[in-house]
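The values are calculated or read from the model by the stated rules, or taken from the named source; none is laboratory data. Treat the numbers as computed from the prediction; the structure is a model and nothing was measured. Here the Cβ positions follow ideal geometry from the backbone for every residue, glycine too, while neighbour counts run over all protein chains shown.
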Amino acid sequence: MNGHIVIPASAIETGENRIELTFRSGDTPLNRSDDFLYTIFVPARAHESFPCFDQPDLKARWTLSLDVPDGWQTLANGAETSHASSGGRTRVSFAETKPLSTYQFAFAAGKFFIETAERNGRTFRMFHRETDAAKVARNKDAIFDLHAAALAWLERYTGIPYPFGKFDFLLVPSFQFGGMEHPGAIFYNASSLFLDPSATQNELLGRASVISHETTHMWFGDLVTMRWFNDVWMKEVFANYMAAKIVNPSFPNINHELRFLLSYYPSAYEVDRTAGSNAIRQPLANLADAGTLYGAIIYQKAPIVMRQLETLVGADAFQDGLREYLKRYAFSNASWTDLIEMLDSRTPEDLAAWSHAWVDEPGRPSIATELQVADGRIRHLAFSQRDPVAARGLAWTERMQIAIGREGKVTLLPIELYGATAEVPSASGMPAPDFILPNGGGIAYGDFHLDQSSRQWLLSHLPEVPDELTRGAAWVTLWDAMLDGDAAPANIVSLALDSLPRERDEQNVQRILGYATEAYWKFLTPDARQRVAPSLERAFRTGLDAAPSASLKGAWFNALRDVASTPETVAWLRSVWSQQIQVPGLVLSETDYIRLAEDLALRQPSDAERILDDEAARIKNPDRKAQFAFVRPAISADASARDAWFASLAAPANRRREAWVLEGLRYLHHPLRAASAEKYIAPGLEMLQEIQRTGDIFFPKRWMDVTLGGHQSPAAAATVRRFLAHAPAAYPDRLRRIILSSADDLFRAAAITGAAGPSR
Ligand SMILES: [Zn+2]
C-alpha cells in the first residue's frame, strides 16, 4: 500500500525470519522500446519494479537471471554465468555482485551490437545500437582508450584496484542523462560518445569528461556511497573533479585552467545568481524528492568549491585523506561530515566554518573593486564583499588571483578574501592600470562589480588582453555585468563581433559564440536583432571560412544556423541542407542535417512541410527517424498541429522520451514563435509537479528551461510571477526554486526589453 508492505506481527517469529514475495514487475523504470529496454533506478525507483528497501545505505549482493527473446543481448552488473535457449527464448544468468545500493543495480536487454577490446590486460565490452558502421569504427578506439586511461589513473590515485570485476558499457540512443554509473555496466548517452567528424573541441573534451566522470564513480559513489541522498553531491563533485584531473593529460594542447573556468563557473552562476538557488548540501526529508537535488549547483559549483578545499588542505594531504576515506568505508556508506573530519585532522584551517559558507548556504559573494588612482599611480586597492541576502550577512573565505592589466601585460597577484574587505597593499605605487579583474586568474567565485574604468576598458579593449585565461574570465564577468544592468546587451554583441576575428583560443571562441547567440536571442528586442543580424551573420560566415579545424568549423556553423534570419543566409543554408553546396572542411552528419531541416522549417513556414518530408525520407537510423517524427508537429507552421502536440504531453506515456519532449518544446517556444507560444507557459508551469512525479531527475529543471528559454517579453515574465504568487502555500519549495532559477534570464530580459519599449 503506497509503497509499503505490512507484515502482521503474528507472522513473525523470534530469531531469523525469511520473507518471500512474488510480484509483477512495474514498468516505469524499465525504459521499454520495441526492441530494447534498460533500467534506471536512480535515485529511488527500484521499488517501482520489485519490492526492496530503496535507500542508498542498505547495500545487498544481487543475483539476476533474465528471460529474453532469442537474439537479444543482455548486460548487468555481474558477469554472465550461463546462457540457455529453448522455444525462442533465452535464459541468461549473472554472477552475484559485490554489495550494491538499489540505485546502482541495473540491467539492459535488446537488439544491441557489441564491440570488444583489450586494454592493459582488461576486456571492455561496448553495447550499442548505432547502424552507421563508419561512425562506430571512427569512434570506438578512442572510447576504449579513454576508459582504460581513466581506470589506470584512478587505480593509481586511490591506491585501490577497480573493485567490480568486469567492465561493460551501453550506449543508449536519446538517453535521459549524460551517463549512469552502474558498477560493471555503465550506461551512456550514445550521442555524446559516438561523435561526428564535425565534433567540436568541447564535444571531444565532453566525451573524455563523461567517460572519466562515470569511471570515477566506480570508487566515489559505487564503492563508497553517501549515507543519504542529501550528500548525493559528494559523489558528483568527486566524479567531476577527478574527471578534470584525468582528462587533462589526454589534451595537452588545451589550457585546462581556462577549461575549468568555462565549464564550471558560467553554469554554476546561472543558478547561483538567482533567487531560486540552493545550497550544495540540502536537507532531504523524503527520498521521493531526491530527484530535485540534482542540478548545476552540485555538478558545477561543487567542483569549484572542491578545488578550493584541495588548495586549502594541500594536494598531498587531500589525496591522503581521500585514500583513507575510500579504504575505511569501502562497500559501505559515508557522509560529508565523515570526510571533513578526516581532512580537518590534516590541516590547521577551520574546515567546518569554511564548509558552512560554501557547502551549507546558497549564493555567492558580491565583490566590489575599490580602486583609487592618483598621479598616475595606484593609491589604494581593496576588494569588499557583501552578502546579497542582506539579512543573512554571510562572509565567504576564498583565495583569489587578481589580474592587473597594463600596456599589454597582465600581472597576477594572489590574495585571500577573509572578512568584509581585503586590502592589496602590494599594489600601492604601481602605475595606474588599464583594468583590474578580481577573477583574472580564473579562481575567484562571486558576482564581481568592477570599478567603472576597468569595465569601460574591457568593454572596448578585451581582445587586447594577452592571456587567454584572463580573457575568458573577463567575458564571464562582463556577462554578469550585463545581467546586473551595468552593460548593455548590444555592447556585449559588438564586443563579440570585435573579439571573434581576433580570438585564437578555441574554448574562448566557443564561449563567445555562445554569449553572442544568447545575447542575440534573449536580450535584444526583435527590432534590435534585425538591425544586428546582417553583421552577425557575416561575421559567423567569415569565421566559418577561416576556421582552421573541423571542430571549429562545426562550432561556427552551428552558431550561424542558430541565428540565421536574413533571406540570403537562410537561402544559403537551404542549399547546404539540400547538398547543392559543400562547405570545404565541414562534415555534416545525419543529426546535423536533421537540425538544419528543423531550423529551416521554422524560418520558411510556407515550405516547412516539404522540407520536413524530404528530411524524413532520408533519415536512415530508426531511432533518429522515430525522434524526428515525434518532434515534427512541434515545428509545424500550422498552429493547431502545435496545439495538439502540446496537448498530447498531458499523457505521461507521451513524455517518456524526455530528450524528444525537450527538443520539441525548444522549437515550440523558439524566440521566432515566442508570441504564439506564450499561451503554453501557464499550462507548462501547471504541469511541473506532475513532471517531477513521473519524470527522471533532470526533467523538471530542463522542462522549465525549455518552457521559458525562448521568451523575453514582460507578459511572459508576468505569467511566471502570477503563477508563483497564486501557487498554494504548500507548493513544493524545490519546484518553486526551479521555476525561479529557470525564469531568471526571462525576468532580467523582460526588464531590459520592457524598458526599451514594446517588443512587438
Ligand atoms: Zn555522476
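Evaluation of W153 against the conditions (1) more than 22 Å from A626 (Cβ to Cβ); (2) within 16 Å of the ligand (Cβ to nearest atom); (3) in contact with a helix residue (DSSP H, G or I) (Cβ under 7 Å, 6 or more places away or on another chain); (4) touching a residue at least 40 places away in the same chain (Cβ under 8 Å) shows that the sole unmet condition is (2). When only residues in the range 415-447 that are loosely packed, with under 12 Cβ neighbours inside 10 Å and closer than 18 Å to L312 by Cα count, which is modelled with the highest pLDDT? Checking each candidate, the answer is E416. Applying the criterion of being buried (at least 23 other Cβ atoms within 10 Å of the Cβ) and over 14 Å from T707 (Cβ atoms) to the residues of the range 734-757, the residue that is modelled with the lowest pLDDT is T753. Residues in the range 227-239 that are buried (at least 22 other Cβ atoms within 10 Å of the Cβ) and either under 20 Å from L469 (Cβ atoms) or in contact with a Ser or Thr (Cβ under 9 Å, 6 or more places away or on another chain) (or both): D231, M234, F238, A239. Within the range 193-206, the set of residues being under 30 Å from L64 (Cβ atoms) and either aliphatic (A, V, I, L, M) or under 13 Å from the mean Cα position of the chain (by Cα) (or both) comprises L193 only.
Name the single residue, out of those in the range 180-192 being within 15 Å of the chain's Cα centre (by Cα) and surrounded by 23 or more Cβ atoms within 10 Å (Cβ to Cβ), that is nearest to the ligand (Cβ to nearest atom). Write out each step before concluding.
Step one: list which residues in the range 180-192 are within 15 Å of the chain's Cα centre (by Cα), which gives 180, 188-189, 191-192.
Applying the additional criterion that residues be surrounded by 23 or more Cβ atoms within 10 Å (Cβ to Cβ) yields 180, 188.
Working: M180: 8, Y188: 11 Å.
Ranking the candidates gives M180 first.
Would you confirm, using the coordinates I've provided, whether I246 is assigned to a helix (DSSP H, G or I), out of contact with any Asp or Glu (no Cβ under 8 Å at 6 or more places or on another chain), away from the ligand (no atom under 16 Å from the Cβ) and β-branched (V, I, T)? Here the answer is no, as I246 does not meet what is asked. Here the range 193-216 is the region considered, the condition is being under 23 Å from D592 (Cβ atoms) and small (G, A, S), and the residue that is nearest to the ligand (Cβ to nearest atom) is S209.
Contact annotation: residue pairs with Cβ atoms under 7 Å, 6 or more positions apart or on different chains, pairing a residue in the range 538-551 that is closer than 18 Å to P197 by Cα and touching a residue at least 12 places away in the same chain (Cβ under 8 Å) with a partner that is basic (K, R) and in a helix (DSSP H, G or I), are L544/K553; A547/K553. The strands (runs of 3 or more DSSP E) located wholly in the range 39-124 that include 2 or more residues which are of a type in the set (K, R) occupy 89-94.
Quick check, is T131 away from the ligand (no atom under 16 Å from the Cβ) and within 28 Å of A330 (Cβ to Cβ)? Lay out the reasoning, then the answer.
Values: away from the ligand (no atom under 16 Å from the Cβ): yes; within 28 Å of A330 (Cβ to Cβ): no.
Here the answer is no, as T131 does not meet what is asked.
Residues in the range 219-243 that are within 11 Å of the ligand (Cβ to nearest atom) and in a loop (DSSP other than H, G, I, E, B): G221, D222.
Scanning the range 692-712 for residues that are in a loop (DSSP other than H, G, I, E, B) and at pLDDT 95 or above gives G709, G710, H711, Q712.
Determine, yes or no, whether A290 is small (G, A, S), in contact (Cβ under 8 Å) with a residue 40 or more places away in the chain and within 16 Å of the ligand (Cβ to nearest atom). Write out each step before concluding.
Details: small (G, A, S): yes; in contact (Cβ under 8 Å) with a residue 40 or more places away in the chain: yes; within 16 Å of the ligand (Cβ to nearest atom): yes.
When the stated conditions are applied, A290 passes them.
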